[in-house]
1. HN-Hα J couplings of the range 441-456 from phi, Karplus 6.51/-1.76/1.60, θ = phi - 60°, integer Hz, Gly and Pro as x?
2. Give the span of the range 434-517's Cα atoms along each principal axis, as three whole-Å numbers ordered largest to smallest.
3. Using the structure shown, list the pairs from Lys59/Lys418; Lys276/Lys329; Lys329/Lys406 with a Cα-Cα distance above 29 Å, or answer none.
4. Run the 1.4 Å probe and let me know the accessible area of Glu249, rounded to the nearest 10 Å².
5. I'd like to know which of Ala332, Val307, Leu319 lies farthest towards the positive end of the charge dipole of the range 289-379, counting +1 on Cβ of Lys and Arg and -1 on Cβ of Asp and Glu.
6. Treat every Asp and Glu Cβ in the range 445-517 as -1 and every Lys and Arg Cβ as +1, leave all other atoms uncharged, and give the resulting dipole magnitude about the Cα centre to the nearest 20 debye.
7. Sorted by average packing, counted as other Cβ atoms within 10 angstrom per residue and highest first, what order do 113-123, 323-333 take?
8. For the range 427-436, what does the Karplus curve 6.51 cos²θ - 1.76 cosθ + 1.60, with θ = phi - 60°, yield as ³J(HN,Hα) per residue in whole Hz, taken in order and with x for Gly and Pro?
Amino acid sequence: MTSSVLSPSLVIFLLFSFAAPHILCNAFPPQPQPHFTSQNYRAALSKSILFFEGQRSGKLPPNQRLTWRGDSALSDGESIDLGFANLGLKMTMQVDLVGGYYDAGDNMKFGFPMAFTTTMLSWSVIEFGGLMKDELQNARDAVRWATDYLLKATSQPDTIFVQVGDANKDHACWERPEDMDTPRSVFKIDTNSPGSDVAAETAAALAAASLVFKTTDPIYAKLLLSRAREVFEFADKYRGAYSNWLKDEVCPFYCSYTGYQDELLWGAAWLHKATKNPTYLNYIQVNGQTLGADESDNTFSWDDKHVGARILLSKAFLLQKVQALQDYKGHADDYICSLIPGIPSSQAQFTPGGLLFKSSDSNMQYVTSTSFLILTYAKYLDSAHMVVNCGGVVVTPDMLRTTAKKQVDYLLGDNPLKMSYMVGYGPQYPLRIHHRGSSLLSIASHPDKIECSFGFSILNSQSPNPNILMGAVVGGPDQQDQFPDQRSDYDHSEPATYTNAPLVGALAYLAHTFGQL
C-alpha cells in the first residue's frame with residue numbers, strides 16, 4: 001500500500017509545471033469554476049451508482065437493471081462450522097448472511113471494505129444527495145443493499161461476521177458468482193478475538209446510513225443507529241486488530257495495516273454526527289490524541305480513516321461552532337496543504353498527465369476518495385467563509401474544487417491516452433476488466449455451469465468482456481499514465497466498490513455545478 005517514488009527528473013517537471021504560476025503570485029488566487037466542461041457528469045453519476053447492482057450478492061430484486069447478473073450465494077451463513085480442534089469441540093450454527101456486495105472482481109464478501117463502502121456511499125448522499133435528483137433513490141437503494149447485510153452480520157451481541165468465503169480457494173477459481181462452488185466459509189470477531197477496526201468501521205457505516213434514511217424511513221434509521229451504538233461499544237471495549245486473529249483469512253487481501261485507532265476515531269465521529277450525544281464528543285476529546293488525531297498521514301482509504309475523521313469533525317467546528325473540535329480544522333488544513341503542489345508541505349505525487357499517484361495497486365481508489373474529501377471540505381469552508389493557509393499560500397474553496405475536477409476529468413478521459421477509466425462511459429474505456437462475472441458469458445447466454453478451472457482460459461485471453469459492468473472504475477493507469485487493459489493485470493484493471501463509493505458524491509456535485517442536474 002506504499003506509494004512509488006517519482007524520479008528526480010519527474011519531480012523537477014512537476015514542481016515547475018504545477019508550482020511556478022503560484023510562486024510568481026505567492027498565493028493561490030480564487031479560481032471560479034468554468035462554465036463549460038467536456039464531461040457528462042450526470043451520465044457518469046448514473047453509471048457510478050449502477051455499478052453497485054453488478055456487485056450484488058444474494059437474491060436480486062425485480063427492478064435489477066444489470067440483467068446479465070443472476071441470484072448468487074443464496075445459502076451464505078446457512079451452516080457455520082465453529083470447530084475448536086484444540087478442545088475437541090465442534091459446533092454448527094446458522095445465521096442469515098445472504099446479500100451484501102462482492103468487494104471487487106472476485107466472489108468474496110469482505111466485511112471491512114464493505115463497511116467502508118457503505119460509509120462513503122452514505123456520506124456521498126448526506127453531502128450531495130440533495131443535488132442528485134432522479135439518482136437519489138438509486139443511491140439510497142445502493143446504501144440499503146449494504147446496510148441490510150450489515151444488520152444481519154451484527155445481529156448477535158458482541159459478534160460480527162466479517163467475511164464470507166475462503167479467499168485463497170475463491171482466487172483459485174475463475175467462475176461466475178452464479179456458479180460458485182468454492183467454500184462459503186464464515187469468519188467472525190467476538191470478545192475473545194476482537195476486531196476494533198472492522199467493528200468501528202461497521203459502526204460508522206450504520207451511523208452514517210441512519211442519516212440517509214432519517215426522513216424517508218425513520219424506523220429503519222432508528223434501527224441502524226441503535227445497532228451502530230452497540231457495535232461501537234463492542235469495538236471500543238474489546239480492542240484489537242481483526243487481522244491478528246484472522247491473518248490467514250484476511251491477509252494480504254484486507255489486512256489491517258494501519259491498526260484500529262483510526263477506525264475508533266472515525267466511528268466516534270460518525271456517532272457524534274448522527275446522535276449529537278455529548279458522550280461521543282467527550283470520547284473524541286479524551287481519546288483523540290491517543291487514536292492519532294494529529295498524525296501526519298495523508299492517505300484516505302478502506303484501511304486509513306484519520307483524514308476522513310478530521311474533515312468530518314472539522315464541520316462541527318466550522319458550521320456548528322463546536323469549539324472543542326477546533327483543532328480538527330487545523331488537522332484538516334494540514335491534510336489539504338499536504339496535497340497542493342508547489343508549497344513546502346506538499347507530499348503529493350502526480351503522473352506526467354496530472355493524476356494523483358499514491359500506489360501502483362488500485363491507485364484510482366485514492367483519486368476518488370481524495371477528490372470527495374477536498375470537495376466536501378471546500379463546501380464546509382465556503383459555508384464558514386474560510387480558507388486554508390499553507391505557510392502563507394492561501395488555498396481557497398474554488399482552488400480545491402478545481403483540483404478535484406481535474407482529477408475526476410482525468411478519470412473520465414481527460415488524460416494522455418484519452419481513456420475513460422469508468423467502464424461504459426465515453427468512447428474509449430477498459431474492455432478487459434479483471435472481473436469474473438463481467439468476463440464470463442452470462443447465465444442467459446450460457447445456462448450451463450462454467451467450471452472453476454475453465455474460466456482461466458478466459459482470464460488470460462484477449463477477448464473483450466461479454467458483459468459490460470456499467471460504471472465500474474478500474475485501478476487505473478501506472479505512474480507513467482500507461483494502461484495495458486489486460487484482464488490478468490488486477491493492479492490496474494480490477495474495479496472495487498470502495499473506489500466507486502466516494503466518486504458518487506463528487507460526480508453529483510460536478511453535475512450540479514455544470515448545470516447537468
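The values are calculated or read from the model by the stated rules, or taken from the named source; none is laboratory data. Quick caveat: nothing in here was measured; it's all calculated off a predicted structure. In this analysis, Cβ positions are derived from the backbone assuming ideal geometry, glycine residues included, and neighbour counts consider all displayed protein chains. Just so you know, the surface numbers come from the protein's heavy atoms only, side chains and all, with ligands and any DNA or RNA stripped out. Shrake-Rupley method; radii C 1.70, N 1.55, O 1.52, S 1.80 Å.
1. Whole-Hz 3J(HN,Hα) from phi for the range 441-456: 3, 6, 4, 4, 8, 8, x, 5, 5, 9, 5, 3, 7, 4, x, 5.
2. So the extents along the principal axes, rounded to whole Å, are 47, 35, 20.
3. Details: Lys59/Lys418 38 Å; Lys276/Lys329 19 Å; Lys329/Lys406 25 Å.
The answer is Lys59/Lys418.
4. 50 Å²
5. In the range 289-379, that residue is Leu319.
6. Values: 2 positive and 8 negative charges, 55 e Å.
Magnitude of the dipole: close to 260 debye.
7. Numbers: 113-123: 30.0, 323-333: 18.8.
So the order, starting with the most tightly packed, is 113-123, 323-333.
8. Using θ = phi - 60°, the values come out as x, 9, 8, x, 9, 10, 6, 7, 7, 4 Hz.
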